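The values are calculated or read from the model by the stated rules, or taken from the named source; none is laboratory data. The structure presented is a predicted model; accordingly, all values stated were derived computationally and were not measured. Here the Cβ positions follow ideal geometry from the backbone for every residue, glycine too, while neighbour counts run over all protein chains shown.
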Amino acid sequence: MNLDGAIKAILHFLRQPLKYCVGLGTVAALALFLPDSIVNRMGLLQYRDKGKPCLGVVLLLCVAVAISAAVDAGARKFNRYRFLVAGKKRLHRLTREEKQILGHYIEGQTRSVDLAINDGVVNGLVSESIIYRSASVSSPGGGFVAFAHNIQPWAWDYLNKHRDLLDL
């Protein structure tokens, strides 16, 4: 195998699901670190001795993939936490108009409300991921173009627990 083919094989391997990398890394570690007597009983001693460099590379790649996946999962969890903290803080600083809009959800105990698409307050709540447009077809409105907007689950839960935030 030439260098170009080896690089393509390594890149393909790195795109595999984590469970395969963990399994392959475990097998490589066992083959490398089990006592000679056990490996010999399996009839693999000669293959292990010849393939130690390859097994070592496979093990290192698997460890790198596992570490990368763990860091990525931790970063995603941390970013989600930061987003929720910032969102909850934002709900403590609602304007009168924002309270009125969000009050329709909580008072009516509905997750969907038809709102004007050209309303700046509505679009502000959408851009801050408190609500989102959930329909691509407008509803007949009283002189304006209205689309169904749903409240985000985290905002729904928080506002239902802290109804005082919507007091005018």
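Got a number for residues in region 46-63 being at pLDDT below 90 and within 25 Å of the chain's Cα centre (by Cα)?
Residues that pass the stated criteria total 2.
Name, by its number, the condition in (1) of a type outside the set (A, V, I, L, M, F, W, C); (2) farther than 20 Å from Asp164 by Cα; (3) assigned by TED's automatic domain parsing to the domain that holds His162; (4) under 28 Å from the mean Cα position of the chain (by Cα) that does not hold for Tyr105.
Unmet condition: (2).
Of all residues in region 9-41, count the ones that are more than 22 Å from Ile67 (Cβ to Cβ) and exposed (fewer than 12 other Cβ atoms within 10 Å of the Cβ).
Keep residues of region 9-41 that are more than 22 Å from Ile67 (Cβ to Cβ), which gives 34-41.
From the residues that got through so far, the ones that are exposed (fewer than 12 other Cβ atoms within 10 Å of the Cβ) too are 35-38, 41.
Residues in region 9-41 being more than 22 Å from Ile67 (Cβ to Cβ) and exposed (fewer than 12 other Cβ atoms within 10 Å of the Cβ): 5 in total.
Output the helices (runs of 4 or more DSSP H) that fall wholly within region 1-45 and possess 2 or more residues being under 25 Å from the mean Cα position of the chain (by Cα) and at pLDDT below 80, or say none.
Working: elements: 3-14, 18-33, 36-41.
Answer list for region 1-45: 3-14.
Take the conditions surrounded by 15 or more Cβ atoms within 10 Å (Cβ to Cβ), at pLDDT 95 or above, more than 17 Å from Leu166 (Cα to Cα) and not small (Gly, Ala, Ser) and apply them to Asn123. Does it pass?
Details: surrounded by 15 or more Cβ atoms within 10 Å (Cβ to Cβ): yes; at pLDDT 95 or above: yes; more than 17 Å from Leu166 (Cα to Cα): yes; not small (Gly, Ala, Ser): yes.
It is true that Asn123 is surrounded by 15 or more Cβ atoms within 10 Å (Cβ to Cβ), at pLDDT 95 or above, more than 17 Å from Leu166 (Cα to Cα) and not small (Gly, Ala, Ser).
Of all residues in region 85-114, count the ones that are out of contact with any helix residue (DSSP H, G or I) (no Cβ under 6 Å at 6 or more places or on another chain), surrounded by 13 or more Cβ atoms within 10 Å (Cβ to Cβ) and more than 16 Å from Ser127 (Cβ to Cβ).
Total meeting the criteria: 6.
So, in region 43-77, exactly how many residues are acidic (Asp, Glu) and closer than 18 Å to Lys8 by Cα?
Keep residues of region 43-77 that are acidic (Asp, Glu), which gives 49, 72.
From what's left, closer than 18 Å to Lys8 by Cα: none.
Residues flagged as acidic (Asp, Glu) and closer than 18 Å to Lys8 by Cα within region 43-77 amount to 0.
From Val57, Val85, grab the single residue that is assigned to a helix (DSSP H, G or I), closer than 25 Å to Asp164 by Cβ and not assigned by TED's automatic domain parsing to the domain that holds Val137. Explain how you work it out, then say what you get.
On the way: Val57 fails: closer than 25 Å to Asp164 by Cβ.
After ruling out the rest, the residue left standing is Val85.
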